[in-house]
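Engineer: Dumping the structure here so I can ask a few things about it.
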Amino acid sequence: SVKWIQPDWKIRIRTFSFTNDPYIDLQWHIPIINLPAGWKHTYGEPYSIVAVLDSGVSIDHPDLKENIIKGQSFAKDRSTGVSPVKDVAGYYNNMVAAHGTAVTGVIGAVTDNWQGGAGICGKCSVMPAKLFDYYEEYIEISRVFNAFKWLVDNGAAVINNSWGEVDVDSSGNCIPVKEDNYRREALLYAQKHGRKGLGTVIVWAAGNSSCDTDLNMNYQNPSIILTGAVNR
């Protein structure tokens with residue numbers, strides 16, 4: 001008279017999304033780059049270090065801190081005008097680190113942790129590097145070389161650059177940007193010494209000013225992956 005019997009136990013379910021991160025349905029870029037197909041193979045590994053060269057990262061962000069590792073600041077102190085040695089690139093508050101924190105979220109937000117969004121490489125280690133502070137309108141270009149060298153020497157497999165020099169004049173007209181020797185040497189160093197001789201992958205954003213990237217000679221370097229958006 002009894003066909004079967006069992007406790008009414010609870011099961012852990014997934015939404016129709018590929019991860020349980022509540023904001024994943026708002027991350028419009030994920031289906032565009034067919035990221036779920038990659039996630040079937042891996043969410044990344046902690047030994048894969050992605051460096052974010054930007055305005056700094058809020059290392060206490062609850063959806064990032066698990067993946068953040070020791071970083072460095074190359075920005076100048078506002079009061080002294082020198083670049084202090086800082087072995088943690090994270091005590092930049094959310095205001096000055098807003099852009100770098102957002103970029104880091106796209107790259108390395110912890111995946112499948114029931115909060116926030118999902119990073120493209122949600123289990124990779126993220127190395128924050130503060131290249132500039134928001135009060136700085138100009139920076140010495142040698143700072144870029146110093147930052148690249150430090151990141152490569154400290155194990156960066158990827159260096160993301162979501163920044164660029166101003167390429168418009170005061171009237172908003174696009175202007176040519178000449179090649180920078182410091183940046184070229186930095187890229188050569190990354191290519192030669194990164195990942196134990198395999199080369200560090202360099203990603204650079206372009207196109208925010210709507211100028212033709214052919215006008216910027218730095219973008220012609222074959223050692224970088226240049227990325228731009230055509231819509232959202």
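Engineer: How large is the helix-only mean residue ellipticity at 222 nm for the chain, computed as the sum of -39500 (n - 2.57) over DSSP H runs with n ≥ 4, divided by its residue count, in deg cm²/dmol to the nearest 500? Please list the in-between numbers first.
Structural biologist: Values: 5 runs with 45 residues, N = 232.
Dividing the helical sum by the residues of the chain leaves -5500 deg cm²/dmol.
Engineer: A51's amide H: which non-local residues (gap 5+, or another chain) put their own amide H closer than 5 Å, with H modeled 1.01 Å from N in plane and none for Pro or chain starts?
Structural biologist: Here M127, A157, V158, I159, N160 satisfy the definition.
Engineer: Just to confirm my numbers, what's the Cα centroid distance between the stretch 53-74 and the stretch 175-220 in Å?
Structural biologist: Spelled out, the Cα-based centre of one part sits 23 Å from the other.
Engineer: Which of rounded, prolate or oblate describes the stretch 97-232 when judged by the alpha-carbon gyration tensor and an a/c cut-off of 1.5? The partial results should precede the final answer.
Structural biologist: On the way: a/c = 1.74, a/b = 1.22, b/c = 1.42.
Note, shape of the stretch 97-232 comes out oblate.
Engineer: Relative to the compact-globule scaling 2.2 N^0.38 Å, provide the ratio for the alpha-carbon radius of gyration of the stretch 159-212.
Structural biologist: 1.40
Engineer: Taking the alpha-carbon set of the chain, what are its Rg and Dmax in Å?
Structural biologist: 20.5, 87
Engineer: Please list, in chain and number order, the residues 5+ apart from V177 or on another chain whose amide H is under 5 Å from its amide H, with Hs placed from the backbone.
Structural biologist: The answer is N216, M217.
Engineer: Still on this model: Taking the chain as the reference, fit the longest principal axis to its C-alpha atoms, fit the long axis of helix 98-108 to the helix C-alpha atoms, and give the angle between the two in degrees, 0 to 90, nearest 10.
Structural biologist: Long axis of 98-108 versus the principal axis of the chain: about 50 degrees.
Engineer: Among N67, N208, N218, whose mean-square fluctuation peaks in a Gaussian network model of the chain (Cα, cutoff 10 Å)?
Structural biologist: In the Gaussian network model the winner is N208.
Engineer: Something else now. Quick check on the chain: of the DSSP beta bridges with both residues there, what percent are antiparallel, nearest 5%?
Structural biologist: On the way: 2 of 24 bridges.
Here the antiparallel bridges make up roughly 10 percent for the chain.
Engineer: Within the chain, what is the longest stretch that has no chymotrypsin sites (Phe, Trp or Tyr not before Pro) placed in a DSSP loop and near at most 13 other beta-carbon atoms within 10 Å? Kindly include the intermediate steps, with their values, before the conclusion.
Structural biologist: On the way: sites that count: W4, W9, F16, W28, Y47, Y91, W114, Y135, Y138.
Counting only loop sites that pass the neighbour cut-off, the longest clear stretch is 139-232.
Engineer: If one takes the longest principal axis of the Cα atoms in the chain, at what angle in degrees, from 0 to 90 and to the nearest 10, does the Cα axis of helix 181-193 lie?
Structural biologist: Here the helix axis deviates by roughly 40 degrees.
Read the figures in this text as sums done on the coordinates, not as results from a lab. Since we're looking at a predicted model, the values are computed, not measured. We place every Cβ from the backbone using ideal geometry, glycine too, and count neighbours over all the protein chains shown.
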